[in-house]
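So the structure is just underneath, and the comments pick up after that.
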Amino acid sequence: MKILDKYIAKQILISIFAVLGVLVIVVGLLDLVDEIKKVNSEYSIILAFTYVILNMPQNVYEVLPIATLMGSLIGLSKLSSTSELNAAKSCGLSFIQITLITLKTGMVIVILTFLIGEFIAPKGQQLANNVKNIGESTRLSMKNTDGIWIKSNNSFIHIAKVYPNKIVQEISLYRFNEKQQLMESIYAEEGYYKNGRWYMENITSTNFKNKDVVVVNEEATTFEEFIDLDLFDIMVIKPNQMTLLQLKKYIQYLKNNSMESKNYELAFWSKFSIPLSCLVMFLLTTPFVHSSIRTASYGQRIFIGILTGVALFLFNQTLNKLSIIIDIPPFIGSFLPIIILLSLSIIIINKYHGIKPLLKLFSK
């Protein structure tokens, strides 16, 4: 029986990776077309190709759940259309055993998805952003095109432009006292990090501590305490480009400074919900292969798989965005699509096979 298990698992995995390859190529080509439009004297076609290639792990991570659903449906349908599943059943392989085989195969995809999403995709996207910003000489910004804001205790820091290699421009620092009165403002045209310190150039500082306003101009100075370096690295990247450790640290920073953190909390829990959604996809597709869909042709099954995959992708994206708008807790918003799909799978299994196989499946 182990040989049969491996054969079924192999056919499913081959279909999943084939679908994954097609989806990644399609998404990559769309990204490349978009990047070619931005090619100029500074941002060459080679840099555009490099950017797209470095972004591919993130594309793999995002489409893996859809590829899992479509690939598992196609793989099982192929086995069903060639009567191999019927032969397996005649050898004593039950619906529950076939479902368990697919779920075990799903665990491989779950682990692969988590590893890509945690270790490979974030690093690839960060490198891709560095390539793009070096080539275009453009700034990175957080949430808007006006640079980034940083709050640290009683100080507020605004950085208009952030470049690779920890170079910043147009820095404004505002220091307040405990009564929220402005005590000092500092403006620097440019700064960079070197040898454990931040070096600032062309600085204008205005002191409001006394009744008389004191303005001091300096050509250069150093800040030993300006921005936490680890925090700085995190702030110039988007939530989906962060690792779990970076997200956890930044969420804690936002909460400590009484700032909104829901987008980052949603990204944090998505690191767990996206891999688990792949497992639910296996549970969702298995009953279809053993139901009335077996009368459909192989081509019709592929078409059904594509439609289902696209519909579930749009459903998942809409539900995640909606959870932020209607103020659902990020944990619930992240796992709600999985709960709905799992409920749908249970309903389908119960409809075609009754409650007994369902109880046996979950008891195992």
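The values are calculated or read from the model by the stated rules, or taken from the named source; none is laboratory data. Quantities reported herein were computed from a predicted structural model and do not represent experimental measurements. Cβ: placed from backbone, ideal geometry, glycine included. Neighbour counts: every protein chain shown.
Scanning region 104-128 for residues that are touching a Leu at 6+ places or on another chain (Cβ under 8 Å), of a type outside the set (A, V, I, L, M) and farther than 16 Å from residue 277 by Cβ gives 124, 125. The test for being surrounded by 14 or more Cβ atoms within 10 Å (Cβ to Cβ), closer than 18 Å to residue 63 by Cβ and modelled with pLDDT of 85 or more holds for residue 273. Hey, could you check region 32-61 for residues that are in contact (Cβ under 8 Å) with a residue 12 or more places away in the chain and among the charged types (D, E, K, R) and say which is surrounded by the most Cβ atoms within 10 Å (Cβ to Cβ)? The residue in question is 35. Among the residues of region 31-42, some residue qualifies, meaning at least one is of a type outside the set (D, E, K, R) and under 26 Å from residue 267 (Cα atoms). The set of residues in region 37-67 that are within 15 Å of the chain's Cα centre (by Cα) and either of a type in the set (A, V, I, L, M, F, W, C) or not assigned by TED's automatic domain parsing to the domain that holds residue 24 (or both) comprises 54, 56, 60, 63, 64, 66. Here 207, 217, 195 are screened, and the one residue that is on the phi > 0 side of the Ramachandran plot, at pLDDT 80 or above and more than 31 Å from the chain's Cα centre (by Cα) is 195.
Taking the condition farther than 18 Å from residue 105 by Cβ and assigned to a helix (DSSP H, G or I), does residue 8 pass? Answer is no for this residue.
Scanning region 21-34 finds no residues that are part of a loop (DSSP other than H, G, I, E, B) and modelled with pLDDT of 90 or more. Within region 220-259, being among the hydrophobic types (A, V, I, L, M, F, W, C), within 27 Å of residue 131 (Cβ to Cβ), touching a Phe, Trp or Tyr at 6+ places or on another chain (Cβ under 6 Å) and modelled with pLDDT of 80 or more holds for one residue alone: 247.
In region 254-268, the residue that is surrounded by the fewest Cβ atoms within 10 Å (Cβ to Cβ) out of those that are more than 20 Å from the chain's Cα centre (by Cα) and in contact (Cβ under 8 Å) with a residue 60 or more places away in the chain is 259.
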